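Q: Shown below is the structure under consideration.
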Amino acid sequence: MDRLANAVILSWGWRRRGIALGAGALSALAMAPFFAFPILWITLPALVWLIDGAVGETRRGRVRRLRPAFAVGWWFGFGYFLAGLWWVGNAFLEEPDQFGWLLPVAVLGLPAGLALFWGLGTALAQILWTDDWRRIFALAAGLGAAEWLRGNVLSGFPWNAIGYALTAGEALMQSAALFGLYGLDVVAVLIFAAPAVLAPAVEGRRRNILLPSLALVLLAGLGAYGIIRLSHADETFVPGITVRIVQPALEQLQKWDPTQKDEILSTYFHLSAPDDRPLKPGTLLVWPESAFPFPLTEDPGTLAAIAELLPPQTTLVTGAYREEFMPTGPTRFYNSIYVIADDGTISGAYDKVHLVPFGEYLPFVDWLASADWLDRLGIRQLVPYGFSAGPARRALSLASGVSFLPLICYESIFSGALIGEGPRPDFMLNVTNDGWFGRTTGPYQHFHQARVRSVEEGLPLVRAANTGISAVVDAYGRSISQSRLGESTMIEARLPNSTTQPLYAQWRLAVFFLSLAVCILCAATKILYRASAV
C-alpha cells in the first residue's frame, strides 16, 4: 500500500491526470444502479494521495498550491461525471438531424462544467491541508461544500452527489433521515477517504489505524440505525385510497406529435381501465409528465372522455402542458400537473418551478437582444416549447382531503428544497418523462434519488414515468409496487402513510452546516495550534 501511495503521490503530468480521471470514472460505480460503493475505498484515497503530490510540488505558500490541487480535483470530477452522466447524450439522438451535433458538447461539456465544482472543492481542501489524518477532514469539508454549491449555483444540478454512495440498500438509505443528502456528502468522504492515512505521507510517521477504524464503526452505525429504524417502520396505509399508475412507454417523437392524439389517448385509456381490472371508487389514477401532445384545457372533448373513464369518487392526476395567452407578447407555456375530478373538471393545477436548462428553456435568453441567432445555430431547448417557470411550489389536494406535493421531472432531486410553507403534505407525487434517456443508467439514478427524498421527508412517493421507472414508495424509501424500465404497463398499490418528520426534515441545512463546521474545525487544529504558538 505504501508503494501504491508513493507511486500516486510522485506521479506528474499526464500520468497524474490519467490516474485522477480513471479514479473518478471508477467512483461512478458507487451510484445507481450498480451501488458498488466499496470502490470508493480505493478511489478516494487515491484522490488524497494525488492532492498530497499536488500540494508538495511547490513550496511557495498555500495560495500557489491552489492551482495544482484544483487540477487534480477537476480531472477526478471530470472522470466521475463523464462515467456517471454519459447517458445525457441519448436525448440528442431522438432527433439527430436537429440535435445530433450537440451530442459531444453535452457528453463532454456537462461533465467538464460540473468538474469545476470538484476542482474548487479540492482547492478549498488544500487551504487546510496537512500531512496527517487532518487532511481527510479537509477533503470532506472541501468536497462537501463543493457538492452543496453544485446543487444550488446556476439553478443547481446535484445529480449523483457523492453522498448517494451511503444510500445503497434500504438499511443504509435510512441515513438520509439523519443527515440529508448534503450532510451525507461530508460523511461519505470521511468514511471512504479514511484508508489514505494507512499509508504514511511522511517517512517515519506512524501508521494511523484509528481513523479508518472509526470510519468503519461509523458506517456500521449507519447500517445498524437503518436496520433498527426499519424494524419499527409504520407499515399502515391511507384508508380508502388505491393508487393506479399508467406507464405508456410512448416513443418520444410520438409523445409530441398532435397527429398521434387518438392513438395516445387510446393507450392511456386502455392501460387505465383494462377489461379485467376496471377502475373502482377511491382510486387515484396517475399519468406521467406531458401526457398529451396538445393543451388539455383547450380540448373539452378529451376532458369529457376522461369524465366517462372515471367512475364516481376517482381522481386523475396527470402531467400536461399549459398555454397562457398574453395580451401583449408571445404565448407562455408551462409544464404542469392537473388534478381532474370524476366529472372532468380541473380541481387543481401546479406549474413546474424548477425547469431544466436547455431541456425546457434557454438560460439567459431574456437578457439577449435577440435569440434568433441561437435558433439559426440549432441551439434551442429539446422540447417543442420554451417553458416558463411557475410562481411557487405548493401542495395540491384530492377530493378526500388528502394532500400531495407535486414534483415534475428532476424537481425530485433537490434535497431540502421541496417542502415550502404551509401544512405538511401527506405524500409526494412525481411525474416524469425519462424516455429521453433510453434504457441507460439515467432512469435508475433518477428513481433512486427520488426514493431518497422520501426518506429525508418521511413522505411516501407516487411516481409515474413515461417509460419507467414508475412506483409507489413508502416513507422509508421502499418500493411497494414498481414497474420495469421500458415496459408498457399499469401498476397498482395502496397509498402508504407518512411518518413523523425525520431529524433532517426538521433541521434541514443546519445538519449539513454543522457537519461542515466539525470537519473544518478538525482540519484546522494543527494550523491553529501553530498560529497560537507563534
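Q: Considering every residue within the range 172-186, establish whether at least one is buried (at least 20 other Cβ atoms within 10 Å of the Cβ) and not in a helix (DSSP H, G or I).
A: Going residue by residue through the range 172-186, those that are buried (at least 20 other Cβ atoms within 10 Å of the Cβ) are 172-186.
After this cut, where a residue has to be not in a helix (DSSP H, G or I) as well, the list is 174-175.
For the range 172-186, residues buried (at least 20 other Cβ atoms within 10 Å of the Cβ) and not in a helix (DSSP H, G or I): present.
Q: Taking the range 132-149, which residues are crowded, with 24+ Cβ neighbours inside 10 Å and charged (D, E, K, R)?
A: 135, 147
Q: So residue 457 ticks every box in (1) within 21 Å of residue 414 (Cβ to Cβ); (2) over 17 Å from the mean Cα position of the chain (by Cα) but one. Which box is left unticked?
A: With respect to (1) within 21 Å of residue 414 (Cβ to Cβ); (2) over 17 Å from the mean Cα position of the chain (by Cα), residue 457 is out only on (2).
Q: Restricting to the range 430-441, count the residues that are buried (at least 24 other Cβ atoms within 10 Å of the Cβ) and either under 17 Å from residue 498 (Cα atoms) or at pLDDT 95 or above (or both).
A: 3
Q: Continuing with the same structure: Could you list, in sequence order, all residues of the range 397-429 that are farther than 26 Å from residue 512 by Cβ and either at pLDDT 95 or above or in contact with a Ser or Thr (Cβ under 7 Å, 6 or more places away or on another chain) (or both)?
A: Of everything in the range 397-429, those that are farther than 26 Å from residue 512 by Cβ and either at pLDDT 95 or above or in contact with a Ser or Thr (Cβ under 7 Å, 6 or more places away or on another chain) (or both) turn out to be 397, 398, 399, 402, 403, 404, 426, 429.
Q: I've got another one for you. Taking only the range 280-301 into account, find how many residues are in a helix (DSSP H, G or I) and within 15 Å of residue 257 (Cα to Cα). Spell out how you get there, then give the answer.
A: In the first step, residues of the range 280-301 are kept if they are in a helix (DSSP H, G or I); the result is 296-298, 300-301.
Pick out the ones that are also within 15 Å of residue 257 (Cα to Cα) and you get 296.
Of the residues in that region, 1 qualify.
Q: Go through (1) in a helix (DSSP H, G or I); (2) modelled with pLDDT of 95 or more; (3) surrounded by fewer than 24 Cβ atoms within 10 Å (Cβ to Cβ) one by one and return the number of the condition residue 159 breaks.
A: Unmet condition: (1).
Q: Taking the range 414-435, which residues are within 16 Å of the chain's Cα centre (by Cα) and closer than 20 Å to residue 287 by Cα?
A: Those that are within 16 Å of the chain's Cα centre (by Cα) and closer than 20 Å to residue 287 by Cα: 428, 429, 430, 431, 432, 433, 434.
The values are calculated or read from the model by the stated rules, or taken from the named source; none is laboratory data. Quick caveat, the model's predicted, so the values are computed rather than measured. Heads up, the Cβs are rebuilt from the backbone with ideal geometry, glycines too, and the neighbour counts pull from every protein chain shown.
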